[in-house]
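Below is one structure, written out as structure tokens; comments come after it.
Each reported figure results from applying straightforward, stated rules to the coordinates on display, with no laboratory input. On a predicted model such as this, the values are computed, not experimentally measured, just so you know. Cβ atoms come from the backbone with ideal geometry, glycine included; neighbour counts cover every protein chain shown.
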């Protein structure tokens, strides 16, 4: 699990969303810090704490396998030397849905990354349903706000 | 608005929740960074960006005046030199409710604070309803995880 090194918070975020789209549990857990303080709030869910609760929640979510494409949009990034905070919209598209089908609601997520001895890792993921599709689909990669 | 200086992220958080309980709009906005990148997600709401949207949302929420007591519990704090992330439960108790009345669901919130030239200020508040009352009401002030 600890073999992967993410040189930047963005690398960790890219790996997080690749694992989420592919329902890849080991890939997902490789992104999280090996820290008992990791926190995860899934949409409409409670707060999960620690590696074990977080792994179990993703295992349950991934059990049915990949069913949706994921597009991450409107990223706002706040970056310091040891911590980075990214806010994004997660837009899921169900596989096989016809063009006229209702799209699932977007999810707004706050992701916090920590610089560890083994590179950048996720320490907080807080996701909740957003009430309506945001107006503009801006590019995912906006210039981050750098604090140093 | 910029007169208040919060020497620590915890001071900013205390002021945030005092303002929230009192429905004090100026007190609330004094906590937020004067930054166009501020982000706010209210429970079941979309993502608000910038001082104007954030102020307007609190103004609407505070219009009816204080109606609930607020207890903040189970804080987990992750602190770096320039950024701090606090995860808390917000427990509201409606004024005048009888002891047997159903309690409102708790809110889980991720709060991000930025060290600015004018002290610590809030830059992200992401709140969403938690499905059930957490098991244990731990003290609000747990020792923060320090990264430096």
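Tabulated data for the structure shown
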| item | result |
| --- | --- |
| Three-way shape call for region A:1-91 based on the alpha-carbon gyration tensor, with the a/c threshold at 1.5 | rounded |
| Average other protein chain Cβ within 10 Å of Cβ, residues B:50-57 | 0 |
| Euclidean distance of C-alpha centroids, region B:2-36 and region B:55-113, integer Å | 13 Å |
| Label-point gap, in nm, between residue B:69 and residue A:34 - each point 7 angstrom along Cα→Cβ | 4.5 nm |
| Spacing of the two label points (7 Å from each Cα toward its C-beta) at residue A:94 and residue B:49, in nm | 2.9 nm |
| Per-copy distances of the residue A:14 label point, shortest first, in nm (7 angstrom along Cα→Cβ) | 4.4 |
| Calculated label separations, residue A:131, copies of the chain, 7 Å along the beta-carbon direction, nm | 2.3 |
| Teacher prompt: residue A:103 distances to equivalent labels in other copies, 7 Å Cα→Cβ, nm | 3.9 |
